[in-house]
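**Student:** Here it is, the structure, as structure tokens.
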Amino acid sequence: MILLTIAKSLTRIFSQARKELLQVTRRPAAFASLILGPFLLMALFGAGFTGVRAPLTTVLVIPPELDLPRDAQFYQDLSGPALRIVGIADRADEALASLDARDLDLVVIAPADATQALREGRQAEITVAFDEIDPALDTYDRVLAYNLSQAVNKEIITRAVQEGEAYALAQLEGQGDLTQIPPEVIAAPTRANTVNQSPVTPSIVHFFAPAILALILQHMAVTMSALSLVRERLSGTMELFRVSPATSMELLAGKYIGFAVISAIIATAIVLLVVYGLGTPMLGSPLALAAILALVVFASLGLGLLISVIADSERQAVQLALLVLLASVFFSGIVLPVQDFRVPVQVLSYVLPVTHGITLLQNVMLRGEIGDVWQIAVLGVEGLILFILTALLLRRQLHQSVRG
């Protein structure tokens, strides 16, 4: 009797397993997407990543009273490929204004009192200014500043030796006596003073908090909406829609509003936890933050509902939503800056709503400004295009049901 019960139980178990396997074999394309989808994303990530950080756009400020070369190529050869010297300026205020507008990455200011510093036996100070909220890039800029200072020191010592100085700039022009220069100044005539002009210098947690917020909102909106129309199609509710007076636009608008309310509640809770729980700075306007979150959700819901229209099963909808999540992790700028990818991959990155959401949220929360306004326009236009495209595909499906 016990053996018979076990046999029946095993029969039911294996029949259920057979049913699942048959469902997979009936949709070979969906099964292949589980293998090819992640593989293609990883291949695109490997082929699209340049492996080289983009050089920092730099302007050198050399006061007129300094007798230094004013050839940008001279300093380009001195600094190496990590910097891209785009000009030589006489005044620091204009260069710093361009830095504040984020038209430049670095401003290197030569010391106006370099000769006086050497007379007094002290190091001259090279000021390296930048505006960076990313802790990793902040450290990168400081390392470049140190390397630049070492390159300048090497050039100064080399020139001093070539000019036949007895011990590195001991004989000063116009002076009859010898000035004793400390050994440490002879070894390093200049030193770098790095200045980060960003409003705050966030920690790793505070910097990535807005990025994770954008990623969570997109994934939540895409996943919820991707399953919506698929379930109604499989449950037979779509048959009721085709005989109802509601249009495809009205059906979609209702779903947008419902999912938007849920997303707004979740977004509010996460923002409060991020700001008051983690202590992430909130320097910008709460209205600007709310507007950006609304646009990210709007575009993400459009992407999810588009998946819901083209997917023929819940399993395929989940698979496509997962591929969107993987693409977002790889290409949105969370792992590596978008600028470090090749141009075709950058285009793919900017199709993802989370890419714009990350930049805009970080600017509002950590800089107190929106920054790249064009990204707001991209989110709005992308959300509108996805809404119209999904409405047209849904209308086509409803008409096909009617003809069927």
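Here, each number is a calculation from the coordinates, and none is a lab measurement. If you're wondering where the values come from, they're calculated on a predicted model, not measured in any experiment. Heads up, the Cβs are rebuilt from the backbone with ideal geometry, glycines too, and the neighbour counts pull from every protein chain shown.
**Student:** Label-point separation (nm) for residue 122 and residue 275, each offset 7 Å from Cα along Cα-to-Cβ?
**Tutor:** Spacing of the two 7 Å Cα→Cβ label points: 4.5 nm.
**Student:** Nearest 20 debye, what's the magnitude of the dipole of the range 269-377 about its Cα centre given +1 on Lys and Arg Cβ and -1 on Asp and Glu Cβ?
**Tutor:** I would put it at about 80 debye.
**Student:** With labels modelled as points extended 7 Å from the Cα through the Cβ direction, what inter-label distance (nm, one decimal) is found for residue 90 paired with residue 249?
**Tutor:** Those two pseudo-labels are separated by 6.2 nm.
**Student:** While we're here: Which loop GluC sites (Glu not before Pro) in the range 298-404, with loop taken from DSSP, have no more than 16 other Cβ atoms within 10 angstrom of their Cβ?
**Tutor:** Here the sparse-neighbourhood loop sites are 369.
**Student:** Additional query: Between residue 198 and residue 140, how high is the FRET efficiency from 1/(1 + (r/R0)^6) when r is the Cβ-Cβ distance and R₀ = 22 Å? Nearest 0.05.
**Tutor:** So the FRET efficiency works out to roughly 0.95.
**Student:** Need the full-extension length gain, residue 343 to residue 325, defined as separation in residues times 0.36 nm minus the C-alpha distance. One decimal, nm.
**Tutor:** 4.4 nm
**Student:** Starting from the Cα-Cα distance between residue 381 and residue 395, subtract it from 0.36 nm times their residue separation and give me the gain in nm to one decimal. List each step's numbers first, then the result.
**Tutor:** Details: separation 14, 0.36 × 14 = 5.04 nm, distance 2.11 nm.
Difference between extended and current length: 2.9 nm.
**Student:** Name the long-range amide H neighbours of residue 84: under 5 Å, sequence gap of 5 or more, or other chain; modelled H, no Pro or chain starts.
**Tutor:** 56, 57, 58
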